[in-house]
Amino acid sequence: MSRLLIRSGRRTQLAKAASFLAEAEDVALESGMKPATKPIRDLVKQIEGGLRGQPLFPAGLTIREVEVLRLVARGQTDRAIAEELTVSENTIYHHVRNITSKTGGSNRTQAAVWAAVNGLIENT
């Protein structure tokens, strides 16, 4: 688990729940069920607010964006990431664009470096 997560079981459970909801949002979008995404997004935002109104991750990154960023930092392509997360390449493209915008980078490499500096890369 990320060093940025507070080491309480409840916090970790919230992070897992937000991750599953982010995945559900991606599936809803890809299935053409856009109206279903707003309530999902609202739940994710509540969870990401954390226990004390603080974000789980720096720069306002969502849990899904952190998942994608970790895979980017491993050198995976959008296609490989999409296959691993079972979403479309277009979804990954948008996540990467949001990540670079939030982290102040202009490309994937800068985002990966930012992730390393901010402790988002897990030892595996």
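Taken one residue at a time, the phi angles of segment 14-29 give Karplus couplings (6.51, -1.76, 1.60, θ = phi - 60°) of 4, 5, 5, 4, 5, 5, 5, 5, 4, 5, 5, 5, 4, 5, 4, 4 Hz. Gly and Pro are set to x. Couplings 3J(HN,Hα) of segment 105-117, computed from phi: x, 10, 7, 4, 5, 5, 5, 5, 5, 4, 4, 5, 4 Hz, in residue order, whole Hz [Karplus 6.51 cos²θ - 1.76 cosθ + 1.60, θ = phi - 60°; x for Gly and Pro].
Peptides 60-67, 83-90 ordered by packing proxy, namely the average of other Cβ atoms within 10 Å per residue, highest first: 60-67, 83-90.
The relative contact order of segment 9-117, computed from alpha carbon pairs under 8 Å that lie at least 6 residues apart in sequence, is 23 percent.
Spin-label pair Arg74-Val113: with each label point 7 Å from Cα along the Cα-Cβ axis, the two points sit 2.3 nm from one another. A protection proxy built from the mean count of other Cβ atoms within 10 Å ranks the segments 107-117, 26-36, 68-78, most packed first, as 68-78, 107-117, 26-36.
Bear in mind these aren't lab numbers, they're just calculated from the coordinates by the rules spelled out. Note that the coordinates shown come from a computational prediction; the quantities given were computed from them, not determined experimentally. FYI the Cβ positions are ideal-geometry reconstructions off the backbone, even for glycines, and counts take in every protein chain you see.
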